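Trainee: Next up is a structure, given as structure tokens.
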Amino acid sequence: MVGYRKDESLTPNQKLIAGSISGMVTRFITQPLDVLKVRTQLQKKVTKGKQRNVFETTKKIFLEEGVTAFWHGHNLGQIHSIISTTSQFYVYEVTTKYVFSTHANPKYKSFLEFMCGICAGCCSATLATPIEVIRVRQMLIQEQYRGFINGTKAVYKSGGLLAFYEGWAAGVLMLGPQVGITFSVFSFLQPLFLNYLYSCNGNCTHPKVNAHKPEHLLFATTAAGSIAGFIAKILTYPLDLAKRRLQIGSHKPDAKFYTPTTSRNLVQCTRLIQCITETFKVEGFWGLYRGLSVTIYKAQMTNIVTFTTYELVCYFIRQM
């Protein structure tokens, strides 16, 4: 299971491998939703009745750029996923091991797991932000930011070294609590579901040791990951929106490159507080939740695939 357990047979390095595989699988499956999410979040508010919905955005991208557009930024996305997911799981495993091996009061278990998750999220955001800035711009205008080297040069040209950390503050403020909430909720719910699978009031048709078989682990992990992802994303979403708008703060359209319809008239920000307040003034409270529906779909799928893949890889490593 995720987090430190006294009877755990896997080393942190083995869990690092599991985290890497989990991140790569998750990125490939969820990349199309990420492209939709980013383009929806960055759309300017238009006259009521003319706002492009998710289906129309999907159709526009497909007709103008082809099916491969849904995987723009995917290569950097894989690098981002490996850095982000492995650092999250690794830091979380190390910090929970340290905390719970020092005779911490069990009464504060959930709070301590939350704090370990915040630590993991902050480390992940700091390590992954430069890659994420390039990747987000590739998802918007592939031609202008094509490839890692060219994308790096284009970002540097737009705002210097600081451009690579645009949105960092929002990322840390968002990802720290988000990861903390996700891990603490997941760590609370997964054991409950696993216990339920073999606590059948004397009418068990399977022995208790079967509770952690792959099918039970799959169900418990999927349910717990889905709920954890939903709660975490709802609570931290305005910061996610602000982060995306900050990450293109120094972006300047270049007439030499084709800009897709869904990547025009973007909302750009340079300061976090100003970004949130201006969004609220112009678009109202629900403007802070623009693109929430596709984000929820992505968050659900991301957490389900991430935790499920991680747990199953850990299971197979133990069996080996």
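The values are calculated or read from the model by the stated rules, or taken from the named source; none is laboratory data. Everything numeric in this text was worked out from a predicted model, so none of it was measured. All Cβ positions, even for glycine, are placed from backbone atoms using ideal geometry, and neighbour counts span all protein chains on display.
Trainee: Tyr145 is checked against (1) among the aromatic types (Phe, Trp, Tyr); (2) in a helix (DSSP H, G or I); (3) modelled with pLDDT of 90 or more and fails just one. What number does that condition carry?
Mentor: Here Tyr145 clears every test but (2).
Trainee: Take Phe70 and tell me if it is modelled with pLDDT of 90 or more, out of contact with any Ser or Thr (no Cβ under 8 Å at 6 or more places or on another chain) and in a helix (DSSP H, G or I).
Mentor: On the way: modelled with pLDDT of 90 or more: yes; out of contact with any Ser or Thr (no Cβ under 8 Å at 6 or more places or on another chain): yes; in a helix (DSSP H, G or I): yes.
Considered against the rule, which asks whether it is modelled with pLDDT of 90 or more, out of contact with any Ser or Thr (no Cβ under 8 Å at 6 or more places or on another chain) and in a helix (DSSP H, G or I), Phe70 comes out as yes.
Trainee: Answer yes or no: is there a residue in segment 219-229 that is of a type in the set (A, V, I, L, M), crowded, with 23+ Cβ neighbours inside 10 Å and closer than 30 Å to Lys153 by Cα. Don't jump to the end; show me each part of the working.
Mentor: The initial filter retains those residues of segment 219-229 that are of a type in the set (A, V, I, L, M), namely 220, 223-224, 227-228.
Applying the additional criterion that residues be crowded, with 23+ Cβ neighbours inside 10 Å yields 220, 224, 228.
Among the residues that remain, those that are also closer than 30 Å to Lys153 by Cα are: none.
No, because not a single residue in segment 219-229 is of a type in the set (A, V, I, L, M), crowded, with 23+ Cβ neighbours inside 10 Å and closer than 30 Å to Lys153 by Cα.
Trainee: Can you pull out the residues in segment 269-282 that are buried (at least 16 other Cβ atoms within 10 Å of the Cβ) and in a loop (DSSP other than H, G, I, E, B)?
Mentor: Residue satisfying the conditions is Cys269 alone.
Trainee: With the condition kept exactly as written, say whether any residue in segment 154-175 is in a helix (DSSP H, G or I) and closer than 19 Å to Gly225 by Cα. Spell out the reasoning first.
Mentor: Keep residues of segment 154-175 that are in a helix (DSSP H, G or I), which gives 154-159, 161-165, 168-175.
From what's left, closer than 19 Å to Gly225 by Cα: 174-175.
Yes, that holds for at least one residue.
Trainee: Report yes if some residue within segment 139-148 is surrounded by fewer than 19 Cβ atoms within 10 Å (Cβ to Cβ), more than 21 Å from Ser81 (Cβ to Cβ) and touching a residue at least 12 places away in the same chain (Cβ under 8 Å); otherwise report no. Give the steps one after another, and end with the answer.
Mentor: Let us first name the residues in segment 139-148 that are surrounded by fewer than 19 Cβ atoms within 10 Å (Cβ to Cβ), namely 143, 146-148.
Still in the list and also more than 21 Å from Ser81 (Cβ to Cβ): 143.
Okay, now just the ones that are also touching a residue at least 12 places away in the same chain (Cβ under 8 Å), so 143.
Taking every residue of segment 139-148 in turn, at least one turns out to be surrounded by fewer than 19 Cβ atoms within 10 Å (Cβ to Cβ), more than 21 Å from Ser81 (Cβ to Cβ) and touching a residue at least 12 places away in the same chain (Cβ under 8 Å).
Trainee: Tally time: how many residues in segment 272-312 are closer than 26 Å to Gln88 by Cα and among the basic types (Lys, Arg)?
Mentor: The qualifying residues number 1.
Trainee: Let me ask something else about it. Condition first: farther than 15 Å from Gln43 by Cα, surrounded by 13 or more Cβ atoms within 10 Å (Cβ to Cβ) and charged (D, E, K, R). Can you find one or more residues in segment 288-296 that meet it?
Mentor: Quick first cut of segment 288-296, residues farther than 15 Å from Gln43 by Cα only: 296.
Now drop any that are not surrounded by 13 or more Cβ atoms within 10 Å (Cβ to Cβ), which leaves 296.
Restricting the remaining residues to those that are charged (D, E, K, R) gives none.
No.
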